[in-house]
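Engineer: First the structure, which I've put down as structure tokens, then a few questions once you've had a look.
Read the figures in this text as sums done on the coordinates, not as results from a lab. What you see is a predicted model, and the numbers here were worked out from it, not measured in a lab. FYI the Cβ positions are ideal-geometry reconstructions off the backbone, even for glycines, and counts take in every protein chain you see.
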Amino acid sequence: MTAREHRRGVPTPTVLSVTADLDIEVDGHTARLEGDGQRLVLRSGQPQLLWSSLTNAPLPDEVGNLSGLRSVGRVASEMANAGIHLDVEGPHGTVVSIGDGEDSKLGRLVTGSGSIQPGSVRSLLPFAGVVVKKVFRR
């Protein structure tokens, strides 16, 4: 039984439908979010730089503090509960798939949620530089 199927005595989560055609820029790093329905795609020429900028961007007080891989897992689980799927794509393919339809043992181990599936090693290599920089800054 999926998260969206009705079970006796358990309310069915609301399934969202999203229509998106959005250009995003954070600290000069750009991406494009597109989608219609429950499937979204975020494309960026340098997703690792966009990620680095986003992790340092201030959030509204209503959102609270989101940091670390566990927070990414929380977001992925909530997206799955809402029936939303997001593929983040870079120049070397899909970097990560998040939300509905994912069931990743690696995602569960690293983020606490199986609703996040890392992409290929090739697509993730640019993120190694971001991680190394953060380690040396500490």
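Engineer: Please arrange Val72, Val15, Val121 by how many other C-beta atoms lie within 10 Å of their C-beta, fewest to most.
Structural biologist: Going from least to most buried by this count: Val121, Val15, Val72.
Engineer: I need Ser52, Ser113 ordered by Cβ neighbour count within 10 Å, fewest first.
Structural biologist: By the 10 Å Cβ count, ascending, the order reads Ser52, Ser113.
Engineer: Counting Lys and Arg as +1 and Asp and Glu as -1, what is the net charge of the other residues whose Cβ lies under 10 Å from the Cβ of Gly119?
Structural biologist: Combined, the nearby Lys, Arg, Asp and Glu give -1.
Engineer: Tell me the net charge near Val18. Cut-off is 11 Å between Cβ atoms, Val18 excluded, with +1 for each Lys or Arg and -1 for each Asp or Glu.
Structural biologist: The answer is -2.
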